[in-house]
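The values are calculated or read from the model by the stated rules, or taken from the named source; none is laboratory data. The structure presented is a predicted model; accordingly, all values stated were derived computationally and were not measured. As a convention, Cβ positions derive from the backbone with ideal geometry for all residues, glycine included, and neighbour counts pool all protein chains shown.
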Amino acid sequence: MTKRVLISLLISLLITAAIYVAAVFISCDPVLKKEIYCSSISKFGEFYAKNIRGHLFAGFLALGGFLLSLKTFIIVNMKENVYDNEQYRENWKKQRKHDNSLELYGPLKELSDLLYYAIIASFIAAILQMTLGLYKHWITALICSWSAIFSVILIIDSLKIIKRNLDSWFDAIKQPNK
């Protein structure tokens, strides 16, 4: 697993924990000093199973299929338009003089790997909605919510890398050939 995926995993766990803690403090009456697992928290699992689960299943199944069909197209076009561009290769050669570890297609491989993990996470999130999400319990709802958040974070990270690649391509297009 790449470092980006591990960071995304950590961020998604922190966001899920923050959502859970916020839900506990919002739903529990601090004056009455109710125990931490209030009855309204246990109703979250029921609400999730009834109102949210189906939409997340359909959304992540469609998103995973869409990304799967576009992954090769995105990677091939990035290679042809960005990494095979003469301006990019000149910049890479200049940077390689300072850092021998730089690979010509390294950022493209990073994007490919991240898209792969985003696709897998989307399909896993969809599968969890239809398996674990069927149980009307707050823990299963929390796990299913976490999987959706993790998938979204990976997709956002993929979009940031795509944007960075497109920006370098547009910069190369703007500069006149020498």
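Structure values in brief
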read-out: Selection count, segment 107-146, where residues are touching a Leu at 6+ places or on another chain (Cβ under 7 Å) and surrounded by fewer than 19 Cβ atoms within 10 Å (Cβ to Cβ); value: 1
read-out: Failed item, numbered, when residue 76 is tested on (1) loosely packed, with under 12 Cβ neighbours inside 10 Å; (2) in contact with a helix residue (DSSP H, G or I) (Cβ under 6 Å, 6 or more places away or on another chain); (3) not aromatic (Phe, Trp, Tyr); value: (2)
read-out: Pairs, first without any contact (Cβ under 8 Å) to a residue 60 or more places away in the chain in segment 119-140, second among the polar types (S, T, N, Q) and part of a helix (DSSP H, G or I), C-beta under 7 Å, six or more apart; value: 121/151; 124/147; 128/147; 132/140
read-out: Residue within segment 39-61 that is surrounded by fewer than 18 Cβ atoms within 10 Å (Cβ to Cβ), modelled with pLDDT under 75 and of a type in the set (Phe, Trp, Tyr) present; value: no
read-out: Candidate set: segment 114-144, residues that are in a helix (DSSP H, G or I) and not hydrophobic (A, V, I, L, M, F, W, C); chosen: the one nearest to residue 21 (Cα to Cα); value: 140
read-out: Residue tally, condition over 20 Å from residue 167 (Cβ atoms) and of a type in the set (D, E, K, R), over segment 94-103; value: 3
